[in-house]
1. Run through the stretch 52-106 and list the trypsin sites (Lys or Arg not before Pro) located in a DSSP loop whose Cβ has at most 16 other Cβ atoms within 10 Å.
2. Would you kindly compute the Cα radius of gyration of the stretch 124-246 and its largest Cα-Cα separation (Dmax), both in Å?
3. By how many nm would the segment from R155 to R33 grow when fully extended, if each residue of separation counts as 0.36 nm and the alpha-carbon distance is taken off?
4. So how long is each side of the chain along the principal axes, counting just the alpha-carbon atoms, biggest first, in Å?
5. So, in Å, what gap is there between the alpha-carbon centers of the stretch 175-225 and the stretch 30-77?
6. Please compute, for the alpha-carbon atoms of the stretch 98-192, the extent along each of the three principal axes and give them in descending order in Å.
7. Just want the ordering: K110, K186, from fewest to most Cβ atoms lying within 10 Å of their own Cβ.
8. Please report T28, T172 as a ranked list, fewest other C-beta atoms within 10 angstrom at the top and most at the bottom.
Amino acid sequence: MSQAEGHRCGARILLVEDDPPIRRFLSTTLTARGYVVEAVDSLAAARLACTGRPPEVVLLDLGLPDGDGVDLVRELRGWSQLPIVVLSARGQEEDKVRALDAGADDYLVKPFGVPELLARLRVAERHASRGGAEEVAWTWTADGHAFGLDATRRRCWRRDGDAEAEVRLTPTEFRLLLCLARHHGKVLTHVQLLREVWGPQHDGDVAYLRVYLGQLRAKLEPEPAQPRWLLTEPGVGYRLVSADGG
Ligand code: CA
């Protein structure tokens, strides 16, 4: 996706993390990148920090001494769409998924690298700043390959080198791809995708997703077994990314 990231320097981040070395490291790193960081170590302090002038982004550890970070996600979503990126420990897929289903925007698994952290924050901020403006057409490129989706014309195309061709999508494939495209860069959980594409009575039908994702990859990816765009987030869901990680 070729578009300026438009990173706003000085976005105010509320960092909620009870592990002192991680908290210090993240504070220092993000401050050095121009973010204004308020770091707290408990749910109670996070709630306090969200009153008055709320932060622009929340970076939230889930295991906190006075409770579960997912509760804060739910509370915040009661009145705000501010971006929330969850920090989770390896192996805690269930917590991560609960946080995403409760309305968190994305997650990072510890230990994570700084470039990954910054990329996730950029995506979260971009989704927040886009607000209600609805995109209707997208193009994804990688290594001389590309595909595009036009929501208005209900059209999908693919280019490999000089050869461009229409891609025929079934209505379900189209709805699934459109859902991923509207949230590109962001992880969508199985439940979020199933509800959006098939409706709320299909929460448990993860096998549908596997089948349709496989079909989309076969139609769009140059090497379907090694997807560049339609990525699996193990135990969580799927994410449509561009070559630059957005
Ligand atoms: Ca913790």
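1. R90
2. For the stretch 124-246, the Cα radius of gyration and maximum Cα-Cα distance read 14.0, 43 Å.
3. 39.9 nm
4. 54, 39, 32
5. 30
6. Ordered largest first, the stretch 98-192 gives principal extents of 41, 28, 25 Å.
7. Ascending Cβ contact count within 10 Å gives the list K110, K186.
8. Starting with the residue having the fewest Cβ neighbours, the order is T28, T172.
Each reported figure results from applying straightforward, stated rules to the coordinates on display, with no laboratory input. Quantities reported herein were computed from a predicted structural model and do not represent experimental measurements. Ideal geometry is used to build each Cβ from the backbone, glycine not excepted, and the neighbour counts take in all protein chains shown.
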